[in-house]
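Visitor: First the structure, then my questions, so here it is.
Every number in this text was worked out from the coordinates using simple rules, so none of it is lab data. Not measured: the values here are computed from a predicted model. Cβ sites come from the backbone with ideal geometry, for glycine too, and all protein chains shown count toward neighbours.
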Amino acid sequence: MSLQVVNLRVFYQTLRGDVHALDGATFSIADGEIMGLAGESGCGKTTLGYSLIHLTLPKKFVDGWVKLDGENLPIGDTDRMEAFRFKKVSIIPQYAMSAMNPTRKIGKMTSELLESRKVRFNDILPELKRRLDLVKLPQDVLGMYPIELSGGMKQRMVMVLSTLLNPSLLIADEVTSALDVSTQQAVSEMLVEFRDHEFVKSMIVITHDISILYQIADSILVMYAGKPAEKASTTTIINSPLHPYTRLLISSLPKVGVKYSSQRLSGIPGNPPLLLDPPAGCRFRSRCPAAFAKCSQEPPFVEVKKGHYVACWKERGIYA
Amino acid sequence: MIKAAASLPTSVKKKNEFLYFAFKNTKLRVGLGILLFFLVLMFVGPQLTEYEPTDFVGPSGVPPSTDYWFGTTSFGEDVFTQFVYGLPATFMVGIIGGGLATILGMTIGFIAGYRGGVVDEVLNILTNVILTIPALALLLVLSAYVKVRGIFIESLFIGFTTWPWAARAIRAQTFTLRTRDFVDLAKLSGRSSLKIVFTEIAPNMASYLFMTFILMFGGAILTAATLDFLGLGPTQGTSLGLMMNMAVLWSALPLGMWWWFVPPGIGITAIVGGLYIMNVGLDEVFNPKLREM
Amino acid sequence: MLKIDNLSKIYRVGTFGGQELHAVNQVSFEVGDCQVVSLIGESGSGKSTIGKMILGLISKSSGSIIFNGTETSSLKQDTLKEYYRNVQGVFQDPFSSYNPIFKSDRVFKLIKDEFFPSIDACEWDEKVENALKAVGLNPETVLNKFPHQLSGGQLQRLLIARALLLDIKFLVADEVISMLDASTRIDVLNLLADLKSRGLSILFITHDLCLGYYISDQSVILYKGHVLEKGVTEKIYNSPYHPYTKMLMTAVPRLDRKWEPVSIDIKAEVPNQIDGCVYYDRCPLAFDKCRQRPVLVEISKDHSAACWKLPEMIKG
């Protein structure tokens, strides 16, 4: 198992108490697997992604453990995580392409980044050049300033940088959301290529756009209100989901070929619960069309078929 | 990109949040405390002394004692009396001078920031001209024509020469705010530009405007003290700066009469310093990102 | 209802304003009564600029915007206010559209002060309630709250309710659902489509092709300020002619099929060309004639595109 996460709980400290942003995530990712992390705002996916690499106030580590390649990942201890960051776990943050220092040439920025990780720039330069070729970036990009590059080029540069030291786990946070449609395809496919070339072992792709995940992810973990709702292979999640939330979510997405006048889609009424004082029992209960008495107890996240996990009392499916 | 859904309980009021942080903030408490101390001294002080500032009360050049708390000047005047009678002048110049500078700065800053274009260019030129005119030289010329000056004239002068700083800062803030969607929405609701500036933009900058006023207030006091010290201040009355002026004129320093100029010096430093500390504290109160949990 | 004719917006950029940036370049299209027209384009296509010009928030450089027979640039102060009784807009970021220090229903108060100054309080409350119900909101849950206490979906619906208070005929919806969650998007989208049946015309500005297909009757494909293809939505989506439109259709991520293995070459930013086809640098079919700007040619009724290769494509 490349990555194992068990009962991870990370809360946000606020004046009014703790916000249960991530409340018990348990899952594992195999070597070479690209897992999509999907869900709406407030579901905990960004918290989960960042907790695996950089857990600082106001986030606080509450419970659970994480193992990467069999080694315990000390995510609760920011200082001890220094040894792992960038080398074993790496991240492409959400606004990375806008976060490059505008007064530094790209090459200088890279060498500064590497020096801070105690890696000599000249040692890694040949590999860096090889990667730039792979992502179809000209080598003279190292001598340019960020403002001279287009959005797609910046995003690819950030991707190369984040994976330069061949991390075991790459966390990609909304890497395609600010890009045009054509660049989205190129960048997403590049993520897959990185995995294929073994620059990274496994990947977590965080996004709200499930159709991108359909294109590149092997499996998808759907989260709701801080808890995992369903995890399965991509085709299963899209075509035959078991959790009512997943089912309603997929069916609410407009697709090309579906017109309002012929087939009116519907959303999910209501709002996700506030996580400051989360309700007992299943968190989707108030919006679930299939809720019944037992839902006042929280359903466990169990494996109902091989590789298919669901947190629902009607785990055999509600539309069976 | 996708903002988080509401995560606060229903009846949270922003005003309560401000007051809560305001009372917790040490810098604000310290700064406000200093200011209040001097304000109280200003009102209570005259009751504590039976003299007038220019009364001849006793032996000249006497160091602080139980009779004369701050000692006496070369003319036998009570330094403590002068001190407490000088405080009102200080505060008045702060309020009038600082207030005038803030109002002028707001007017020019809002117009330049909101309208942009040619209007902005013209107002910028005006601002820069005033900034580069040496205020001291101007004052010297003025003092040659206006022989008798009071606190009021001094305040006006300070107000008319120190507003550029405020105008620049307010203009910059207005620039960022006018591109926001809610200003567009106000335009779509048929609001006139003037109304938009006062009902949409200014309230959003309320904390900023308040802090600008405080800085202008402190700056005016400091400027007045400097002018008084140089003899370019009011020709009548007394103020802390004038005390220091007199002290230097009558050789207090070489004669070792520290009690004549040290109290007013500390007074000015403490008041202006307190105001600046308050400002830093207020910044933390109004800007949630600067707060520590 | 709305006719855009050869509309352009040119910005002066560069040091001393020496260069020109053609944000919008001779765009023409029409929106009829009770019609939803999608203005589809990626970032930099000029779609938001067009929306703002229609709303009178940005001045136009040349061309005309004619609403029910009146040229909008001739409107000032009072006539402009009358215009706003008929035309309103809703923008992309729900949280930025509200002044954060005031409660969210202040947007209704603005309308009341400017358009209904002497209305009776009870009558106004009833009007507000009806508008809220029409957008599917419960007055008790949304009134008297600050923006940060409501969700993005609720805020967007409040803005639509605000527009309905004026009994408008035309709504400019600029990326109104791109910042909303997936489960609320479809509700707001359905709401817009419902309003069409109440007599409203909508200019739906978006970069998301799937949304455009769902609610629009007509679509206009924009690229770098130019109209490359326009017409009835089904025709554009099912049989696109322009190379750019074709590329969009294949590159959009879908849930029913995987991407075709097209290697899309992403070059560095190339400045807008003043003459010549604006898609020249990225077009696989580019040839000599493309150095001249192609004009919109009708392919069939309600479907036209701007490409020199059209005659070949139509024949083939």
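Visitor: Using just the helices of the protein assembly as shown, give the 222 nm mean residue ellipticity in deg cm²/dmol: DSSP H runs with n ≥ 4 each add -39,500 (n - 2.57), and the total is spread over all residues, rounded to 500.
Guide: So the helix-based figure for the protein assembly as shown works out to -13000 deg cm²/dmol.
Visitor: Determine, for A:Leu134, A:Leu15, A:Leu248, C:Leu55, the number of other Cβ atoms within 10 Å of each Cβ, and report the residues in order from fewest to most.
Guide: Final ranking by Cβ density, sparse to dense: A:Leu15, A:Leu134, A:Leu248, C:Leu55.
Visitor: Would you mind getting me the FRET efficiency between C:Phe95 and B:Tyr20? Use the beta-carbon distance for r and R0 = 22 Å, nearest 0.05.
Guide: About 0.40, to the nearest 0.05.
Visitor: If you don't mind, there's one more thing I want to ask. Got a sec? Charge dipole of the protein assembly as shown, +1 on Cβ for Lys and Arg, -1 for Asp and Glu; which of A:Val304, B:Ala169, A:Ser90 is way out at the positive end?
Guide: Looking along the dipole axis, the top candidate is A:Val304.
Visitor: For the range B:188-231, what is one quarter of the convex hull surface built on the Cα atoms, given in nm²?
Guide: That works out to 4.0 nm².
Visitor: Now for a separate question. Report the FRET efficiency, 1/(1 + (r/R0)^6), for C:Glu312 and A:Gln263, where r is their Cβ-Cβ distance and R0 is 51 Å, rounded to 0.05.
Guide: For C:Glu312 and A:Gln263, the calculated efficiency is 0.90.
Visitor: With +1 assigned to the C-beta of every Lys and Arg and -1 to the C-beta of every Asp and Glu, and no other charges, what is the dipole magnitude of the range A:98-165 about the Cα centre in debye, to the nearest 20?
Guide: So the dipole magnitude of the range A:98-165 works out to roughly 100 debye.
Visitor: What number results when the radius of gyration of the range C:68-155, computed over Cα atoms, is divided by 2.2 N^0.38 Å?
Guide: Compactness ratio reported: 1.24.
Visitor: Calculate the dipole size of the range C:78-118 relative to its Cα centre from +1 charges on Lys and Arg beta carbons and -1 charges on Asp and Glu beta carbons; express the result in debye to the nearest 20.
Guide: Here the range C:78-118 has a charge dipole of around 140 debye.
Visitor: Also, I was wondering about something else. Need one number: nm distance between label points at B:Phe56 and A:Thr56, each 7 Å from Cα along Cα→Cβ, rounded to one decimal.
Guide: 7.0 nm
Visitor: Quick one: if you stick a label point 7 Å off each Cα along the C-beta vector at B:Ala137 and C:Ser28, how many nm between them?
Guide: 6.3 nm
Visitor: Can you put C:Tyr280, B:Tyr68, C:Tyr214 in order, fewest other beta carbons within 10 Å first?
Guide: In order of increasing Cβ crowding within 10 Å: C:Tyr280, B:Tyr68, C:Tyr214.
Visitor: Still on this model: Report the Stokes-Einstein translational diffusion coefficient (µm² s⁻¹, integer) for the protein assembly as shown, Rh taken as the Kirkwood radius over Cα pairs, at 4 °C with viscosity 1.567 mPa s.
Guide: 40 µm²/s
Visitor: Provide B:Trp260, C:Trp259, B:Trp165 in ascending order of the number of other Cβ atoms located within 10 Å of each residue's Cβ, fewest first.
Guide: B:Trp165, C:Trp259, B:Trp260
Visitor: When the dipole is taken about the Cα centre of chain A, and only Lys, Arg (+1) and Asp, Glu (-1) are charged at their Cβ, what size is it in debye, to the nearest 20?
Guide: 560 debye
Visitor: Would you please report the Å³ per residue occupied by the convex hull of the alpha carbon atoms in the range A:1-91?
Guide: Roughly 93 Å³ of hull volume per residue.
Visitor: Just the ratio, please: alpha-carbon radius of gyration of the range C:2-315 over 2.2 N^0.38 Å, N its number of residues.
Guide: Dividing the Cα radius of gyration by 2.2 N^0.38 Å gives 1.07.
Visitor: Please name which of C:Phe287, A:Asn7, B:Ile196 has its Cα lying farthest along the dipole of the protein assembly as shown towards the positive end, using unit charges on Cβ (Lys, Arg +1; Asp, Glu -1) and the Cα centre as origin.
Guide: C:Phe287
Visitor: If you don't mind, there's one more thing I want to ask. Of C:Ile50, C:Gln35, C:Leu21, which is farthest towards the positive pole of the range C:1-62's charge dipole, taken about the Cα centre with +1 and -1 on the beta-carbons of Lys, Arg and Asp, Glu respectively?
Guide: Of C:Ile50, C:Gln35, C:Leu21, it is C:Leu21.
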